[in-house]
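Undergrad: One structure, pasted below without further comment.
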Amino acid sequence: MEQVVLDAPPEEMGGVDVLNCGAGHLKFDFDSSQPKEVEHAKKVIQDMLKKGYMLFVNDGGEQKQVHSFDPNKEVYYLKFEFEETLKETPEKKKRGRPRKAVSMKGRRATGVGPTAGG
Amino acid sequence: MVETVKEEDRLDNDEYGTFKKALNLLAQERGEWAGYPMPVDGTPLVMHKRFPYPITGFQVPTPEDPYVFPDELGAVDEGEITFVNGWFSQQRGCIVSLYKMPDGKVVHEVMPQYGGPKMDFWLNTLGASRAWDLEHEERALEKLKSLLKPHQYKYYMLTGTFLETSKRSNVTYLFRKSRPTIALSMKKDTGKVSVLTTLCLHPLGYYKGSWAGVMVPTDDVIAHLLMMRGNEHKFWSKSNSHPLWSSAAGI
């Protein structure tokens, strides 16, 4: 069973900041009431995840990495910490454990491109 | 009397301005969200494995191919010179490497790690910074400020560093501008601090022989911070670990 965190009163506009070497940060803002903006942001998010970008969102004051994105439900599924879910469902193995879902609306994600060790 | 500012003294003087804009437009057209890096003459680029190559369709005249995948670095041709062994000599402050020549003879190479090689890193980093924009750094600072507590941001602005301890692993990280992050172990009972390693990682790529990534320094810090907080395991697995004595560690 997935948990869905309902939209809190938006403290900031939803969107994605992407670290970019040519333009500083690319910002994709979207107003939840503007379907076109939301659609464009969804495409960008899906494309980034497909290309191996890492996305991070704030969840309860902590930065968490996004595992996947559901454009129909408009939620990010977070990568879980093994220890956290072990407490909740000790009888289950890691595979098949429910992932926490957080709404994309009213939430700002940060995208980091694939990395090279220095 | 009208005072004129020399061209080289202008803060907005950007020798690569037009080229950067063209690269930026091309990257956006192709959906490369992180952009295309700016090649810098004389300082080759090392890119991540998935970076599309070639990118722009024209050759940048550098001594070596600027786009080198990390796996290809350090490759030794079989049948010619083969690497036998290597170690760091604390006494001499240098890396000693042994190579076997095609005729069977073993020769050694000594590479000092203090003085010259460290100076190279400084100068190469300075050279690579021509690819950066001041505006981008300012933007990155704003972003970093939103991620940090006020006292952390203050330390960063004043010293270029700040500390954060992972709740998960209890490792304390010293994040540094334009240098690898240092992982520390701090024992509360004895007060002993020991350095575990340095972690070097850049989004997209970096300039070989320098501490410079293709993005402005604070963007590198943001990437390190987010990865440490969001996926610490991946932060360690993706980073290169440099021993403290090496020039690359930046200590």
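The values are calculated or read from the model by the stated rules, or taken from the named source; none is laboratory data. As the structure is a prediction and not an experimental result, all values here were calculated from the model. Reconstructed Cβ throughout: ideal geometry from the backbone, glycine too, with neighbour counts over all protein chains shown. Side chains are part of the model used for accessible areas, which takes the heavy atoms of the whole protein and leaves out ligands, DNA and RNA. Shrake-Rupley method; radii C 1.70, N 1.55, O 1.52, S 1.80 Å.
Undergrad: Working only within region B:79-91, note down all residues that are among the aromatic types (Phe, Trp, Tyr) and surrounded by 11 or more Cβ atoms within 10 Å (Cβ to Cβ).
TA: B:PHE83, B:PHE88
Undergrad: Residue pairs, Cβ under 8 Å, 6 or more apart or interchain, first in region B:186-198 and open to solvent by 60 Å² or more (accessible area, probe 1.4 Å), second in a loop (DSSP other than H, G, I, E, B). List them.
TA: So the pair list comes out as B:MET186/B:LYS192; B:VAL193/B:LYS187; B:VAL195/B:LEU244; B:LEU196/B:VAL171.
Undergrad: So how many residues does region B:17-35 have that are more than 10 Å from every other protein chain (Cβ to nearest Cβ) and farther than 20 Å from A:LYS50 by Cβ?
TA: Qualifying residue count for the region: 3.
Undergrad: Still on this structure, please answer the following. Report those strands (runs of 3 or more DSSP E) wholly inside region A:12-78 carrying at least 1 residues which are away from chain B (no Cβ under 12 Å) and modelled with pLDDT under 90.
TA: Result: A:14-20, A:24-30.
Undergrad: Next up: Within region B:228-247, how many residues turn out to be more than 7 Å from chain A (Cβ to nearest Cβ), of a type outside the set (Phe, Trp, Tyr) and crowded, with 21+ Cβ neighbours inside 10 Å?
TA: Pass one, region B:228-247, residues more than 7 Å from chain A (Cβ to nearest Cβ): B:228, B:232-237, B:241-247.
Of the ones still in play, those that are also of a type outside the set (Phe, Trp, Tyr) are B:228, B:232-234, B:237, B:241-244, B:246-247.
Remaining after also requiring crowded, with 21+ Cβ neighbours inside 10 Å: B:228, B:247.
Qualifying residue count for the region: 2.
For every residue, the table says whether it meets (1) within 14 Å of chain A (Cβ to nearest Cβ); (2) in a loop (DSSP other than H, G, I, E, B); (3) within 17 Å of B:MET228 (Cβ to Cβ).
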{"site": "B:SER129", "(1), (2), (3)": "yes, no, no"}
{"site": "B:HIS136", "(1), (2), (3)": "yes, no, no"}
{"site": "B:GLU142", "(1), (2), (3)": "yes, no, no"}
{"site": "B:LYS145", "(1), (2), (3)": "yes, no, no"}
{"site": "B:HIS151", "(1), (2), (3)": "no, no, no"}
{"site": "B:LEU163", "(1), (2), (3)": "no, no, yes"}
{"site": "B:ARG168", "(1), (2), (3)": "yes, yes, yes"}
{"site": "B:ALA183", "(1), (2), (3)": "no, no, yes"}
{"site": "B:THR190", "(1), (2), (3)": "no, yes, no"}
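Undergrad: Next question. So, of the residues in region B:92-128 that are open to solvent by 40 Å² or more (accessible area, probe 1.4 Å) and hydroxyl-bearing (Ser, Thr, Tyr), which turns out to be farthest from A:GLY118 (Cα to Cα)?
TA: B:TYR99
Undergrad: Which ones in region B:154-176 are touching a Phe, Trp or Tyr at 6+ places or on another chain (Cβ under 7 Å) and either among the aromatic types (Phe, Trp, Tyr) or buried (at least 17 other Cβ atoms within 10 Å of the Cβ) (or both)?
TA: Across region B:154-176, the qualifying residues are B:TYR155, B:TYR156, B:PHE162, B:GLU164, B:PHE175.
Undergrad: In this structure, does B:SER239 turn out to be modelled with pLDDT under 90 and among the hydroxyl-bearing types (Ser, Thr, Tyr)?
TA: Numbers: modelled with pLDDT under 90: no; among the hydroxyl-bearing types (Ser, Thr, Tyr): yes.
So B:SER239 does not fit the description; no.
Undergrad: While we're looking at this one, here's another question. Pull up region B:192-224, narrow it to residues that are among the aliphatic types (A, V, I, L, M) and more than 10 Å from every other protein chain (Cβ to nearest Cβ), then point me to the one that is nearest to A:GLY113 (Cα to Cα).
TA: The qualifying residue nearest to A:GLY113 (Cα to Cα) is B:VAL221.
Undergrad: Now a separate question. Determine whether B:VAL214 is surrounded by fewer than 16 Cβ atoms within 10 Å (Cβ to Cβ), modelled with pLDDT of 90 or more and more than 25 Å from A:GLY60 (Cβ to Cβ).
TA: no
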